[in-house]
Amino acid sequence: MKGRFAPSPTGYIHLGNVWIALLSFLSTKQQDGTYVVRMEDIDLQRSKREYGEALLDDLEWLGFTWDEGPRVGGPEKSYWQSERLGLYDEILSSFALKKRIYPCFCNRARLQSIASAPHRGEVRHHYDGYCRMLSNEAIAALCTDKKPSYRLRVDTQSFLFDDRYQGHQVFTLQSGNDDFVLRRSDGMYAYNLAVVVDDIKMGITEVIRGHDLLDATVQQLYLYKLLGAQPPIYGHAPLLIDSAGYRLSKRQKSITIRELKALQWMPERIIGELAVLAGFIERSSAPVISLAELIELTLDTPALHQDNIVIDALRA
């Protein structure tokens with residue numbers, strides 16, 4: 001099997017990132033699998049190479065190792081998405097030849113006006129198929145004023161899968177309403193396309209990531225089907241949140257590993273705190289364990305069925 005950790009280098013790595021890295025790393029190693037690190041820096045406006053290098057430094061300091069990825073190499077020419085754009089170009093061109101995509105000229109204000117609230121088991125219906133049936137003449141005229149995004153022409157389908165943490169899942173895509181963007185009008189590729197193409201190319205068989213990406217899975221399953229590839233096993237772990245209910249993220253300026261390191265926290269203490277949250281070890285006053293020691297334990301899949309887990313601030 002083959003697992004991966006695929007962070008976005010838009011800031012310094014924080015506890016929420018390490019939480020997912022820990023779960024994916026231990027799952028892969030417990031199965032004697034190959035562990036891949038991939039930098040999802042496709043958002044060229046927010047991602048920075050220096051953040052990516054700092055992220056790798058912090059992973060190494062915490063004790064993580066990987067079999068493929070930046071600094072260690074592997075069968076892929078690059079493990080930075082910004083250096084893999086040609087692969088996404090090829091897939092988009094193949095979809096265009098098969099008339100699977102169409103140009104969309106809708107602006108953000110229009111899209112926001114038609115968005116509806118999501119329901120459990122459904123993807124957010126954020127589109128109404130407005131540009132789906134534009135004539136060639138209309139497309140040519142609109143192209144003179146605006147560069148379009150490109151949407152995938154979706155057929156109505158339901159997808160069922162068993163999530164490692166969240167259990168049985170059923171999602172439905174509706175033709176037109178759920179046509180989703182593969183490339184934005186500024187030329188930037190959408191996450192769903194890039195992640196599926198890369199996971200297929202790299203042979204990823206298990207994906208462990210945050211619960212916030214659960215609803216995006218059905219779009220990715222649709223792409224796997226179109227590309228004739230077997231999707232991975234998914235596990236959507238609960239997000240770490242603080243006592244105020246905010247998720248640990250770069251935008252919330254959550255505790256970074258660099259901050260904890262400056263406060264004299266050792267890697268084993270950080271890993272120990274997260275291992276307790278996952279149920280890998282029992283709570284003690286100051287849980288301390290290394291990644292290498294965790295690998296040697298017989299670990300059951302943690303029962304992480306909830307959406308969020310509260311973690312107290314680790315500044316003391």
Based on this model, can you work out whether LEU44 counts as touching a residue at least 40 places away in the same chain (Cβ under 8 Å), open to solvent by less than 20 Å² (accessible area, probe 1.4 Å) and among the aliphatic types (A, V, I, L, M)? no
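Inside the range 174-204, can you point out the residues that are open to solvent by 30 Å² or more (accessible area, probe 1.4 Å) and aromatic (Phe, Trp, Tyr)?
The one that is open to solvent by 30 Å² or more (accessible area, probe 1.4 Å) and aromatic (Phe, Trp, Tyr): TYR191.
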What pairs come up if the first residue lies in the range 290-308 and is assigned to a loop (DSSP other than H, G, I, E, B), the second is exposed (fewer than 13 other Cβ atoms within 10 Å of the Cβ) and at pLDDT 85 or above, and their beta carbons are under 9 Å apart, counting only those six or more places apart or on different chains? HIS305/GLY167
Can you find a residue in the range 55-65 that is surrounded by 14 or more Cβ atoms within 10 Å (Cβ to Cβ), part of a strand (DSSP E or B) and in contact (Cβ under 8 Å) with a residue 12 or more places away in the chain? no
For the range 235-254, state whether one or more residues are open to solvent by less than 10 Å² (accessible area, probe 1.4 Å) and modelled with pLDDT of 95 or more. yes
Unique match (being at pLDDT 85 or above and either within 17 Å of ARG164 (Cα to Cα) or touching a Leu at 6+ places or on another chain (Cβ under 8 Å) (or both)) among LEU304, LEU314, LEU294, LEU299: LEU294
Does VAL207 satisfy being buried (at least 20 other Cβ atoms within 10 Å of the Cβ), touching a residue at least 60 places away in the same chain (Cβ under 8 Å) and assigned to a strand (DSSP E or B)? yes
Quick check on the range 12-39: of everything there that is out of contact with any strand residue (DSSP E or B) (no Cβ under 6 Å at 6 or more places or on another chain), open to solvent by 10 Å² or more (accessible area, probe 1.4 Å) and part of a loop (DSSP other than H, G, I, E, B), which residue is farthest from PRO70 (Cα to Cα)? GLN31
For ARG183, which of the numbered conditions (1) within 15 Å of ILE91 (Cα to Cα); (2) of a type in the set (D, E, K, R); (3) under 16 Å from the mean Cα position of the chain (by Cα) fails to hold? (3)
Within the range 117-152, of all residues that are modelled with pLDDT of 90 or more and buried (at least 16 other Cβ atoms within 10 Å of the Cβ), the one nearest to TYR224 (Cα to Cα) is LEU152
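The values are calculated or read from the model by the stated rules, or taken from the named source; none is laboratory data. Worth saying up front: this structure is predicted, and the values here are computed from it rather than measured. Note that we place each Cβ from the backbone using ideal geometry, even for glycine, and neighbour counts take in every protein chain shown. Only protein heavy atoms, including side chains, enter the accessible area calculation; ligands, DNA and RNA are left aside. Shrake-Rupley method; radii C 1.70, N 1.55, O 1.52, S 1.80 Å.
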